[in-house]
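Accompanying notes for the structure given below.
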Amino acid sequence: MTVSIPYATTQFASLEQALKHYFGYDSFRPGQRQMVEYALHDRDLLVIMPTGGGKSLCFQLPALLKEGVMIVVSPLIALMQDQVQALQNNGIPATLLNSSISPVESQSRQAAILDRKIKLVYVAPERLLSESFLGFLDQVKARVGISAFAIDEAHCVSEWGHDFRPEYRQLRRLRHRYQNDDRIIPILALTATATERVRHDILGQLELDKPHVHIASFNRPNLYYEVRPKGSTRQAYTELFQQVQRTEGAGIIYCLSRKRVDEITAKLQHDGISALPYHAGLSDAVRKDNQDKFIRDDARVMVATVAFGMGINKPDVRFVIHYDLPRNIEGYYQESGRAGRDGEPSRCTLFYGAGDIRTVEFLIAQKVDPATGEPLEDEQRIASQQLRRVINYAEAMECRRTIQLGYFGEDFPGNCDTCDNCCHPKPIEDWTLEAQKFLSCVARFAQKGQRFGINHTIDVLRGSKNDRVLKNEHDKLSTYGIGKDRSAEQWRLLGRSLIHQRLLDETSDGYSMLELNALSWEVLKKQRSVMVAFTPAKPEAVNGSSNVDAAEVEALYDRLQKLRKRLADEQSVPPYVVFPNSSLRSMANIQPQTLAQFATIPGVGSRKLTQYSKIFIAEIRWFREQRGLPLQAETGIEPQLTPPIAQPNLASFTQLQTLELYQQGMEPGAIAEQRHVRRSTIMSHLAELLEMGYPIDLDDLVPLDRQNKIMYAINTVGPDALGSIREHLGEMYGYDEIRLVRSRWRRETE
Ligand code: ADP
Ligand code: ZN
């Protein structure tokens, strides 16, 4: 294949080959390839993809293939750290600069950037726009070149978005500062924002120049959406618990209040689920600690208010449960969308009980001007409208996706096959007679010039003798007690269904009063029948795949997960940085026993092949041996790997960690202690780093006279056999120092 784009000048035959080499993926996700190509052609871009769509790759791969350094702006330090860590673990030279880094460390990172050792630099916006940093950027531009500015979470420029950041407004200064140069430096803006207004704002605020705008579908095909009825508190908790127990993997449970969060956490913990709370009432330290535990799979379930999740990159969240009603559809879409970023099947459950409506209405009625105590009418009106749409979603009988995507202006045809309404259409029953009883009860109130809500109507129908019934003399109405044959819950369901089908109106003034409309009268006059859908009692499992070897695969998967956890803990990184679940799944299914087979696993790029293949293959072979499964002879044939493009030799993640501590001025012994490894391991890291050209000061580590002696020995016996060099030098010399000096020798002579 011949292509006329810049990457042809690199050593990769195709973009796919580069993708596999750096990230280990076999193919691009929808839209990615095109974005990468545009970026390689220096186009401005606005990339709008839903969470989990794979936005990062759209700038990360071009950064690696283009000349110069890419500057990545991102609003949250945690998010940056995550991405940089994941990149470094893939052997990609990325670094980050923010206020949490010591001046000395900052200096050394800046030196590495000017030294062409870095391809991606993550910066917080306020840092980027400081005069001193802009000065540094000028240097970078002159000496190394800037390939592009990538603006992640670009919706932060918009006041209409949900997390406006004033510093983002300043980013346009970048465009102006570099405008009169030989060429404009392209801006790649990325966001998961779904609303038109915010998208428009991004284009204007960042002054994008003839940008290519890519809007991906917001459909998330791997998510299963369902709404479950929320009965009594106990029933609701029981179902919640069963769902958590039945679903494998990590999950988030959203609640409306801190109190509810604490309550549910305590119950789950009591029932043996490893759950932790997250809400604004906890100290920063506790919140951070709980979040870290969740990300590192030390806690399986996070029970949280909606404050949790912004900036959490955890890709393998398997379920998100809304235990309480969300306030609007967009919020629900984004929060539930934190499930399944890795593209694997995940479940999004909304628990819906009519009682929640009143809670939310109460909260809406609380929206008052703090100064005057006057209700904020506009806000209340908007909030009420949004609540209506959530209720419509919860009570709908049509495809959940059609409703959600419709909210974002997307036309989804329905029949998605992965929502409760498509998979289990509710059994529908004719409830015309009951509807007539219900509506005529409301009509009786109206005759007396009164209005009431659903609960009172049900009380009258079921013949309650409570105060309000008696005081209003509603026990004298002809409809009093005509509905004893149905439970209050059934009547409530009917009432909600009538409202939802617009056969009855409910006021949205915070009081939820029932009012008859024209359609109600059609029902009362027997001109229209009423059908009601019922929710099946038991939810289904997401993917009940049955496989003959399923038990075996599961057992291996389990072991690989444990291995991954151990490796991750050793390096203090979250497990998914080592491998995503999908890679482990594929290892468990394919059970690769040779390097060549291992290299075909999705998520295994060249770095991870070197770093992890041996230990994972060993685990897989050991597993097969224990179970008496046939073992394949090792071929010894190395898999074909693409050579890295001309770049500094890349240090491994563990080497870079050593480097970081070394650059903070720590002695090798202290580094070894802190990292819980042997001193000799640190010494060989330093030797390897030195050889790769990283700034390691040999004079610090080996006295000059000894260096000279060792150099002499190497020149005499050659560099290859450490043993011979040492033999030549005598017992007064150690391997560590010989290795270090040999690295210098190699760096200077090879
Ligand atoms: P976003 O920023 O759009 O939410 P990310 O860039 O974090 O999404 O990507 C989401 C997940 O998808 C990550 O785990 C990432 O490694 C994975 N991913 C991205 N591109 C691909 C691809 N082409 N093939 C397989 N997995 C991918
Ligand atoms: Zn559907």
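The values are calculated or read from the model by the stated rules, or taken from the named source; none is laboratory data. What you are looking at is a predicted structure, and each value in this text was computed from that prediction instead of being measured. Positions of Cβ are backbone-derived with ideal geometry, glycine not excepted, and every protein chain shown enters the neighbour counts. When the accessible area is computed, the model is the full protein with side chains, heavy atoms only, and any ligands, DNA or RNA have been set aside. Shrake-Rupley method; radii C 1.70, N 1.55, O 1.52, S 1.80 Å.
May I ask you to list pairs of residues, at least six apart or on different chains, whose Cβ atoms are under 6 Å apart, with the first in region 401-429 being touching a residue at least 40 places away in the same chain (Cβ under 8 Å) and the second being small (Gly, Ala, Ser) and within 16 Å of ligand 1 (Cβ to nearest atom)?
Close Cβ pairs satisfying both conditions: PHE408/ALA194.
Might you check whether a residue that is crowded, with 19+ Cβ neighbours inside 10 Å, away from ligand 2 (no atom under 16 Å from the Cβ) and not in a helix (DSSP H, G or I) occurs anywhere in region 137-146?
yes
So which residues in region 188-233 are hydrophobic (A, V, I, L, M, F, W, C) and open to solvent by 40 Å² or more (accessible area, probe 1.4 Å), if there are any at all?
Of everything in region 188-233, those that are hydrophobic (A, V, I, L, M, F, W, C) and open to solvent by 40 Å² or more (accessible area, probe 1.4 Å) turn out to be LEU203, VAL213, ILE215.
Does at least one position in region 304-313 carry a residue that is in contact with a strand residue (DSSP E or B) (Cβ under 7 Å, 6 or more places away or on another chain), open to solvent by 20 Å² or more (accessible area, probe 1.4 Å) and outside any loop (DSSP other than H, G, I, E, B)?
No.
Any residue in region 9-31 that's within 19 Å of GLN611 (Cβ to Cβ): show its pairings with residues that are of a type in the set (Asp, Glu) and in a loop (DSSP other than H, G, I, E, B) at Cβ separation under 7 Å, as long as the two are six or more apart or on different chains.
LYS20/ASP26
Answer yes or no: is there a residue in region 177-192 that is over 30 Å from LEU240 (Cα atoms), aromatic (Phe, Trp, Tyr) and under 26 Å from the mean Cα position of the chain (by Cα).
No, region 177-192 contains no residue that is over 30 Å from LEU240 (Cα atoms), aromatic (Phe, Trp, Tyr) and under 26 Å from the mean Cα position of the chain (by Cα).
Kindly provide the set of residues from region 314-329 that are open to solvent by 20 Å² or more (accessible area, probe 1.4 Å) and modelled with pLDDT of 95 or more, ordered by number.
The one that is open to solvent by 20 Å² or more (accessible area, probe 1.4 Å) and modelled with pLDDT of 95 or more: ARG318.
Do you know which residues across region 406-439 are within 8 Å of ligand 2 (Cβ to nearest atom) and hydrophobic (A, V, I, L, M, F, W, C)?
Those that are within 8 Å of ligand 2 (Cβ to nearest atom) and hydrophobic (A, V, I, L, M, F, W, C): CYS416, CYS419, CYS422, CYS423.
Could you tell me which residue of region 341-356 is nearest to ligand 2 (Cβ to nearest atom), considering only residues that are outside any helix (DSSP H, G or I) and open to solvent by 20 Å² or more (accessible area, probe 1.4 Å)?
The selected residue is PRO345.
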